[in-house]
Amino acid sequence: MVEVLAIFGLLSWLVALLCDWLSGLPFFPAIVMGAVVIPLIALHEYVVLGRRWKLRSWTFRPFPIPPERFHWTIQRPRLRRAICWSGVAFAASWWNVISLPAELSTDLPSLLGWANALAGTYTGARLLSLVVLFVRASQWFDSMRPNVVGLFRRTMYRLSDNYEYLGEQRRHPEREEVY
C-alpha cells in the first residue's frame, strides 16, 4: 500500500511540475482551451462518424453479421487515411500555435495563433474520435486487432488461467449461411 502511495505521489509531483512549466509558456491559454474542449467535441464527433461510416451498430455489441463485416472491410482503409490526415493537420496547427503564440492579446500574431488553436482543437477532437472509433470497430470484428491491443491480449491470454475469456471467439456459421 505504501508503494502505491509513493507512486501516486511521484506522478502527482510530475504532473504539478509539468503544469508549472506549461503555465510559463505564452501559448498556455490555448493548451487549456484544447484540453477542455477536445474531449467534448470528440464525443460528438464519435457518434456522428459512427453513423456516417455505418459502424454504429457495434454499440449494442451483437456479433457482427456479414453485411457489417463487409462495411468494415471497405471502411478500414478509409478510416486509417482519415486518421493520418487528421494527425498531420493536428500537428501542423499546433506547431503554428507554438510558432505564433496564442496569447491573451489582440495583435495579429496572437489572433493567428488563436485561429490555429481553434483548428488544432477541432482536428485534435476529430483525431481522437477517429482513433477511438477505429479501435472499437477493430475489436468488434476481431478481438485481437489492432495489433498493439492484440499483442497485449495474447500476452494476457498466455499468462491467464481463464483461457476461454481472453481467447478468440468462434464465428457462428448458421448466421452466415444466408449470405
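Each reported figure results from applying straightforward, stated rules to the coordinates on display, with no laboratory input. These numbers were taken from a predicted model, which means no experiment stands behind them. Here the Cβ is made from the backbone with ideal geometry for all residues, glycine too, and neighbour counts use every protein chain on show.
Observations on the model:
- Stretchable slack from Arg154 to Val48, in nm (0.36 nm times residue separation minus alpha-carbon distance): 35.0 nm
- Cα gyration tensor category, rounded, prolate or oblate, for segment 27-141 with a/c compared to 1.5: prolate
- Ordering 121-129, 104-112 by mean Cβ neighbour count within 10 Å, with the highest value first, yields 121-129, 104-112.
- Across segment 27-141, the relative contact order, built from alpha-carbon pairs under 8 Å that are at least six residues apart, equals 42 percent.
- For the pair Cys84 and Ser23, the difference between a 0.36 nm per residue extended length and the Cα-Cα distance amounts to 19.0 nm.
- Computed lengthening from Trp95 to Val2, 0.36 nm per intervening residue step minus Cα-Cα distance: 29.4 nm
- Euclidean distance between Cα centres, segment 1-23 to segment 65-136, Å: 29
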